[in-house]
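Have a look at the structure below, then the notes.
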Amino acid sequence: MSLLEVRGLHATVDGKEILKGLDLTVRAGEVHAVMGPNGSGKSTLANVLAGRPGYTVTAGEVRLDGHNIVDWEPHVRAHAGMFLAFQYPVEIPGVSNMEFLKASLDAQAFARQAEQPGAAAFIKQARELAASLDLNPEFLKRGVNEGFSGGEKKRNEILQLLLLQPSLAILDETDSGLDIDALQVVAQGVNRFRSAETGVILITHYQRLLEYIVPDVVHVLADGKIVQSGDKNLALTLEEKGYAWLT
Amino acid sequence: MSESVDDLVKSNADYKAGFVTDIESDTLPPGLDESVVRFISNKKAEPDWLTQWRLQAFDAWREMDAPEWAHVQFPPVKFDEISYYSAPKALTDGPQSLDDVDPELLRTYEKLGIPLHEQEALAGVVQSNPNVAVDAVFDSVSITTTFKDKLAEAGVVFCPISEAVHSHPELVQRYLGSVVPQKDNFYAALNSAVFSDGSFVYIPKGVRCPMELSTYFRINERNTGQFERTLIVADEGAHVSYLEGCTAPMRDENQLHAAVVELVAMEGAEIKYSTVQNWYPGDENGKGGIYNFVTKRGLCAGAGAKISWTQVETGSAITWKYPSVVLRGDDSVGEFYSVALTGNVQQADTGTKMIHMGRNTKSTIISKGISTGRSQNTYRGLVRISPTAQNARNFTQCDSMLIGNSCGAHTFPYIENSNPSATIEHEATTSKVSEDQLFACQQRGIDPEKAVSMIVNGFCKEVFKELPMEFAVEAGKLLEVSLEGAVG
């Protein structure tokens, strides 16, 4: 059974149809890159999969581990193993990163009827992950993304990914705005997340990221549909020729 | 904001303190005239000066009009339909010890989590802190004061004000009305005429009060008003931290609570006064609830004195209160930290006054207003720098947060500066709990209700950290409970 199965997905934003019959299958152990020109619907796809308010599915289905999740609330999808690394991580002033991470872990453990992690073990793990992402452990005490640089915000998303251990990770242009050092740190984090049990969808504009996270499949999204799929070489072709030849 | 946050903002929370205690009471019939004032004074066997003081206040009150400048709306209070005195019957002659107190009353306080048995408090039985002495006021009378002996060892006086009138008459006569005069305003005048009980605290020179002091106010009887009077005097170099908590049963009628709190801090003294106000706010349509019309003022009488007000206001149908500091001593410090949360159709008009008179006086105002439902939340503050206040400084920060589309946040800051050497800073923000924040939390598995509570708690963090540790946790929980209702 596929981890994620998207069939004939149509979705609108503010009444305008953005996704127009999209199909996508991600199996456990696979990394899929979704590329495409501006306005093709890449970020819409990420938000629709995560169930963001304002994004309306008008037809088709999204199956996660075999369950059609189209009507599920965002936090229920998260409990089922879906994770979205945000393109623009939001600030939550006064709520410390540590508090936020613990609340997320506890909520997910509760929903899965698993034991909540102990405070000491949690703090140790959070500090180790922060260090592995070149983040000063002090930043765990600061408000969520409060006054973080662009790079710190993106690395914080990866920290959450590694801590929460979802089954499916969607990275929405996590590479945008990163310098080459930060990009490598982020890529290392994602590679660490990769396993035979997990799936990844990388949404990106640039082939650059794919040098560090090598995808199994590359898709081109144009006008709300997947118009071309191939192996990692497709990304190189796109880099060379652009998107025009596809449409 | 799109609809989903709005959808979250629904009905009222279960008001957990909303039960009624079935107890026999001596309650004065409704109505107010001179005989009522004399009755109350007589009931407490007060000296003549106090009876006269009350009558002066009553005469003044009759000539005054209820203030209408606040940003709140309600039908005029019918003062002749209120009973001005109510006491549990068993206490009419005053309890000698807790053994004399009706067990039903003790259970009331147990339900509310307020420990009145000292041994239980020490053992931490009733979710309490062993370092808190409690004075419990039920309707018009004080039920008991815990840890009196331990406090007496340190020379600290902590007792019902009705008792202090007899045990420490010179202190009461000297300071009563010294900060909030009888005729200060309409509700203060009413309180001065009919106040029934409240707490009195005196900390002698150089003494650091060995424990937190706390007064717990409970309105039980129907159609009664509560008019408590609290007076705290910290002598030179003394230090005290004081907390008040308030609850009332759920009733369909509005009930009036018009308290006066006076603080006096002498040279080098420090008073920290914290309030967790959770009076019954009324139902989701605004039926019932407490009218909380309160005058609170502190005087930094000597050099280097410090008065700090911290309030967490989640209850009451209408709140009208401005805990203030008069900075008379040179180098004195005034602080006001406030969280006011309104839901349903609650209305709050609250803030502070910082009156700078001494040189190098300093004040800080941090106000956090959170509005949900159809509520209206107003910050009103005055910073006045007198010509004598050389080098005075004020910093004000007013932040408002809106949850949903039908509520309002208002800010009325007044600054009157008569001294060019003053430094005055004012910052204000208004924000919404954004869809983005809510979605970010939900995407990590946190349900919307918990998410809103976490975001609001984060917003209030600067104020909560000013509360005594034990109460900061309580305040966070209270906020969560109040919001649970708002985002049910």
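The values are calculated or read from the model by the stated rules, or taken from the named source; none is laboratory data. Every value quoted in this text rests on a predicted model; they were computed, and no experiment measured them. Here Cβ is always computed from backbone atoms with ideal geometry, including for glycine, and neighbour counts include all displayed protein chains.
Does at least one position in the range B:472-482 carry a residue that is surrounded by fewer than 20 Cβ atoms within 10 Å (Cβ to Cβ), within 14 Å of another protein chain (Cβ to nearest Cβ), of a type outside the set (A, V, I, L, M, F, W, C) and touching a Leu at 6+ places or on another chain (Cβ under 6 Å)? Checking the range B:472-482: not a single residue is surrounded by fewer than 20 Cβ atoms within 10 Å (Cβ to Cβ), within 14 Å of another protein chain (Cβ to nearest Cβ), of a type outside the set (A, V, I, L, M, F, W, C) and touching a Leu at 6+ places or on another chain (Cβ under 6 Å). In summary, A:I158 fulfils each of the numbered conditions (1) away from every other protein chain (no Cβ under 12 Å); (2) modelled with pLDDT of 95 or more; (3) not in a helix (DSSP H, G or I) with the single exception of condition (3). In the range A:16-31 there is at least one residue that is within 19 Å of A:T198 (Cα to Cα), in contact with a Leu (Cβ under 6 Å, 6 or more places away or on another chain), modelled with pLDDT of 95 or more and surrounded by 19 or more Cβ atoms within 10 Å (Cβ to Cβ).
Could you list, in sequence order, all residues of the range A:7-28 that are closer than 14 Å to A:I170 by Cα and either in contact with a Gly (Cβ under 7 Å, 6 or more places away or on another chain) or in contact (Cβ under 8 Å) with a residue 24 or more places away in the chain (or both)? Working first, answer last.
Let us first name the residues in the range A:7-28 that are closer than 14 Å to A:I170 by Cα, namely A:24-28.
Within the range A:7-28, A:L24, A:V26, A:R27, A:A28 meet the criteria.
Exactly one residue among B:V312, B:V339, B:V383, B:V326 is in a strand (DSSP E or B), of a type in the set (V, I, T), under 13 Å from the mean Cα position of the chain (by Cα) and within 30 Å of B:D235 (Cβ to Cβ), and that residue is B:V312.
Going by the structure shown, is A:L64 more than 10 Å from chain B (Cβ to nearest Cβ) and either within 28 Å of A:E146 (Cβ to Cβ) or in contact (Cβ under 8 Å) with a residue 40 or more places away in the chain (or both)?
Values: more than 10 Å from chain B (Cβ to nearest Cβ): yes; either within 28 Å of A:E146 (Cβ to Cβ) or in contact (Cβ under 8 Å) with a residue 40 or more places away in the chain (or both): yes.
When the stated conditions are applied, A:L64 passes them.
A:A103 satisfies every condition listed in (1) buried (at least 21 other Cβ atoms within 10 Å of the Cβ); (2) at the interface with chain B (Cβ under 8 Å from one of its Cβ atoms) except (1).
Among the residues of the range B:386-405, the ones that are under 30 Å from B:A451 (Cα atoms), assigned to a strand (DSSP E or B) and either of a type outside the set (S, T, N, Q) or touching a helix residue (DSSP H, G or I) at 6+ places or on another chain (Cβ under 6 Å) (or both) come to 4 in all.
The residues of the range A:67-85 that are at the interface with chain B (Cβ under 7 Å from one of its Cβ atoms) and within 13 Å of the chain's Cα centre (by Cα), listed by number, are A:A78, A:L84. Can we say A:E146 is in contact with a Pro (Cβ under 8 Å, 6 or more places away or on another chain) and acidic (D, E)? Yes; evaluated as a whole, the condition is true for this residue.
Does the range B:426-436 contain at least one residue that is at the interface with another protein chain (Cβ under 7 Å from one of its Cβ atoms) and either among the aromatic types (F, W, Y) or under 16 Å from A:E99 (Cα atoms) (or both)? Taking every residue of the range B:426-436 in turn, none turns out to be at the interface with another protein chain (Cβ under 7 Å from one of its Cβ atoms) and either among the aromatic types (F, W, Y) or under 16 Å from A:E99 (Cα atoms) (or both). Screening A:G147 with (1) farther than 25 Å from A:Q188 by Cα; (2) part of a loop (DSSP other than H, G, I, E, B) gives one miss only, at (1).
Among the criteria (1) more than 14 Å from chain A (Cβ to nearest Cβ); (2) without any contact (Cβ under 8 Å) to a residue 40 or more places away in the chain, the one B:K465 does not fulfil is (1).
So, in the range B:185-205, exactly how many residues are surrounded by fewer than 24 Cβ atoms within 10 Å (Cβ to Cβ), modelled with pLDDT under 95 and not in a helix (DSSP H, G or I)?
1
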